[in-house]
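To start, the structure under review is shown below, and the notes come after it.
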Amino acid sequence: MAPDNRLALLSNVSEKPTSVRLENAFTSILQAVGEDLGREGLCKTPARAAKAFQFMTGGYKESPHDVVKDALFECEAEELVIVRDIDLFSLCEHHLLPFFGKCQVAYLPTGKVVGLSKVARIVDLYSRRLQNQEALSQQIAEAVFEVTEARGVGVVMQTKHMCMMARGVQKQNASMSTIVTLGEIKTNSSVRREFLHLAGTNGI
């Protein structure tokens with residue numbers, strides 16, 4: 001194919017709606033593994049998979065400020081605020097397989113507190129992107145640090161990864177923990193210990 005024709009083809013592909021391009025991609029994947037797209041169970045699978053993948057990667061469309069909006073409230077609280085056991089689901093950027101678990105997020109307020117649900121929504125925002133756990137933990141911590149203007153932030157994440165459980169070494173009971181601390185939760189050893197204790201990470 002001549003170079004100009006290739007560019008025209010790529011241009012046409014990029015102009016198609018994302019859902020259509022994803023549906024075409026999943027159709028190709030199913031055909032590549034030898035499946036029969038005509039059988040009843042797979043008739044609508046490319047469209048369903050495209051919709052699911054768009055949902056699982058929907059975090060690219062928003063920023064933390066879009067999520068929080070005006071849900072910052074004046075408050076005299078100065079002690080540690082922690083939101084525990086936030087469920088998270090994400091996709092490993094290496095294999096496009098899920099990893100899932102729980103996240104603990106804490107911050108030290110400076111005259112403002114953020115609406116409770118907004119912390120969970122920030123976790124969702126970054127989880128719904130192609131990720132690795134280390135980067136995901138850091139991004140959540142930095143976002144909470146920025147939007148709350150807190151003195152310190154801590155994030156603990158404990159997950160299981162399907163790329164390790166269902167393929168490769170196939171270790172179904174292995175889990176992964178990551179810890180990120182910023183500001184006073186990082187520099188003040190007593191506050192850090194309190195955070196880790198409340199987050200249930202004494203053994204990490």
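Quick look at the values:
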read-out: Complete set of residues in region 40-87 that are β-branched (Val, Ile, Thr) and out of contact with any Phe, Trp or Tyr (no Cβ under 8 Å at 6 or more places or on another chain); value: 57, 67, 68, 83, 86
read-out: Within region 85-204, helices (runs of 4 or more DSSP H) holding 2 or more residues that are within 18 Å of residue 58 (Cα to Cα) and free of Cβ contacts under 8 Å to residues at least 40 places away in the same chain; value: 116-127, 133-148
read-out: Selected residue (criterion: nearest to residue 167 (Cα to Cα)) from residues of region 70-124 that are polar (S, T, N, Q) and surrounded by fewer than 21 Cβ atoms within 10 Å (Cβ to Cβ); value: 117
read-out: Residue within region 33-52 that is closer than 28 Å to residue 131 by Cα, in a helix (DSSP H, G or I) and in contact with a strand residue (DSSP E or B) (Cβ under 6 Å, 6 or more places away or on another chain) present; value: no
read-out: Count - residues of region 40-63 that are farther than 20 Å from residue 24 by Cβ and in contact with a Ser or Thr (Cβ under 7 Å, 6 or more places away or on another chain); value: 1
read-out: Test: residue in region 7-21 that is in the same structural domain as residue 170 (by TED's automatic domain parsing), of a type in the set (D, E, K, R) and at pLDDT below 95; value: no
read-out: Residue list for region 64-87, filter: touching a Leu at 6+ places or on another chain (Cβ under 8 Å) and not β-branched (Val, Ile, Thr); value: 64, 78, 79, 80, 84
read-out: So residue 60, is it of a type in the set (Ser, Thr, Tyr) and exposed (fewer than 15 other Cβ atoms within 10 Å of the Cβ); value: yes
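The values are calculated or read from the model by the stated rules, or taken from the named source; none is laboratory data. In this text the structure is predicted, and so the values were computed from the model without any measurement. Here the Cβ is made from the backbone with ideal geometry for all residues, glycine too, and neighbour counts use every protein chain on show.
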